[in-house]
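Shown next, in structure tokens, is the structure this report addresses.
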Amino acid sequence: MTKLWLRNETRDIESRTPITPADARMLIERSIAITVEDCPKRTFATEEYAAAGCAIAPAGSWVDAPADQVIVGLKELPELPEKLVHRHVFFGHAYKGQPGARALLDRFAAGGGTLLDLEYLVDDSGRRLAAFGYWAGYVGAALAVLHAAGKLPTPLAPMGKSDLDDRLRAAHAESGLVIGALGRCGRGAVDALTTAGVPATAWDLAETRNLDRAAIQRHQLLINAVFSSGPAEPFLTRSEIGQPGSALRVIADVTCDVGSAANTLPIYDDITTWRDPARRLHDDPVLDIIAIDNLPTLLPRESSTAFSAELRDHLLTIDEPDSPWARCATLFREATHG
């Protein structure tokens, strides 16, 4: 029997979940055992999981769980234990040279565990099988619009989509450019701009092969929704920001590859936060960056429901040797053992 252990998320603002109570019930009906850690900030109450048939455990107790449990989460693990013995399913951000990536992989190597990185749960064409991309793009573009209109709430706090859309319709921006517009993330960004009534320019591979750098500067908002797996030509460099006559005022870097060789916006050094979502890059003309690496948690219920629906059926195959999870395991072995 496959045994899943849904862990508590330790990041304060993170209220999403990769498995909803409704999908947990469906998995249990398919003979998957599920333990859920108590997590008061989770968008779904612990009691809903208990009612679905899940066993309930204290927050953080996964560290002492039997080795056959698959630990499922979303964001980063706590710093302890130093040795990771389980199979872990979450977004590890460990394969593109991000800060802390080597240390995380070393913890798995030391404990004999395995990282099954959700970012690399893909089909034969390389398309992600479960992703928060649409909602990341939607929220990233929405925050850019609100900031440009002087209506960005700080600190940010989770809300419902109807509330966010009401705020968008009351805001205004002159124009927005979405790069990566044909992907999940890009489609979400275009939809948010449409909701706000902001004219949207949509670029994808064809437009970035021959980059019109001057055109970027003619837009008030830039939304970077590109997934890049390796080094790529930057869309903007430090020398290009704040150019006289530029209309660009807000950049929302949904991709957040800061610190990686794959970063297409090497113009800032650190992500922004829910407490301080926007950071000034240039004073005259003004240019601000929004680079939050868990944007969909602004809409935790909508984004969790959509993600869980995509992930659910794949969790049924996690122990099958020819499933997409095997690719995740192979990538991990290559990264840790060469």
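The values are calculated or read from the model by the stated rules, or taken from the named source; none is laboratory data. Just so it is clear, the structure is predicted and the values come from calculations on it, not from any experiment. Backbone-built Cβ (ideal geometry, glycine too); neighbour counts: all protein chains shown. Side chains included, ligands, DNA and RNA excluded: accessible areas come from the protein's heavy atoms. Shrake-Rupley method; radii C 1.70, N 1.55, O 1.52, S 1.80 Å.
To keep it simple, each residue is scored yes or no on (1) under 20 Å from the mean Cα position of the chain (by Cα); (2) outside any helix (DSSP H, G or I).
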position	(1), (2)
T273	yes, yes
R280	no, yes
I292	yes, yes
H314	yes, no
A329	no, no
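Could you tell me whether any residue of segment 104-125 is over 22 Å from P321 (Cα atoms) and part of a loop (DSSP other than H, G, I, E, B)?
no
Out of all the residues in segment 186-214, which are over 14 Å from L143 (Cβ atoms), of a type in the set (A, V, I, L, M, F, W, C), under 24 Å from the mean Cα position of the chain (by Cα) and part of a helix (DSSP H, G or I)?
Those that are over 14 Å from L143 (Cβ atoms), of a type in the set (A, V, I, L, M, F, W, C), under 24 Å from the mean Cα position of the chain (by Cα) and part of a helix (DSSP H, G or I): V190, L205.
So which of A181, A136 is among the aliphatic types (A, V, I, L, M), closer than 24 Å to A306 by Cα, at pLDDT 95 or above and assigned to a helix (DSSP H, G or I)?
A136
Tell me, please, whether a residue that is in contact (Cβ under 8 Å) with a residue 60 or more places away in the chain and either of a type in the set (S, T, N, Q) or open to solvent by less than 50 Å² (accessible area, probe 1.4 Å) (or both) can be found in segment 26-36.
yes
Considering only residues that are open to solvent by 30 Å² or more (accessible area, probe 1.4 Å) and in contact with a Leu (Cβ under 6 Å, 6 or more places away or on another chain), which ones fall in segment 265-298?
L281 - this is the single residue of segment 265-298 that is open to solvent by 30 Å² or more (accessible area, probe 1.4 Å) and in contact with a Leu (Cβ under 6 Å, 6 or more places away or on another chain).
I'd like to verify a number: residues in segment 226-240 that are surrounded by fewer than 20 Cβ atoms within 10 Å (Cβ to Cβ), touching a helix residue (DSSP H, G or I) at 6+ places or on another chain (Cβ under 9 Å) and assigned to a loop (DSSP other than H, G, I, E, B), how many?
So the answer is 4.
For the subset of segment 299-308 comprising residues that are over 12 Å from the mean Cα position of the chain (by Cα) and of a type in the set (S, T, N, Q), which member is surrounded by the most Cβ atoms within 10 Å (Cβ to Cβ)?
S308
When segment 247-264 is examined, which residues are found to be surrounded by 19 or more Cβ atoms within 10 Å (Cβ to Cβ), in a loop (DSSP other than H, G, I, E, B) and on the phi < 0 side of the Ramachandran plot?
Listed by number, the residues that qualify are L248, R249, V254, T255, D257, V258, S260, N263, T264.
In this structure, does I71 turn out to be buried (at least 22 other Cβ atoms within 10 Å of the Cβ), of a type outside the set (S, T, Y) and touching a residue at least 60 places away in the same chain (Cβ under 8 Å)?
yes
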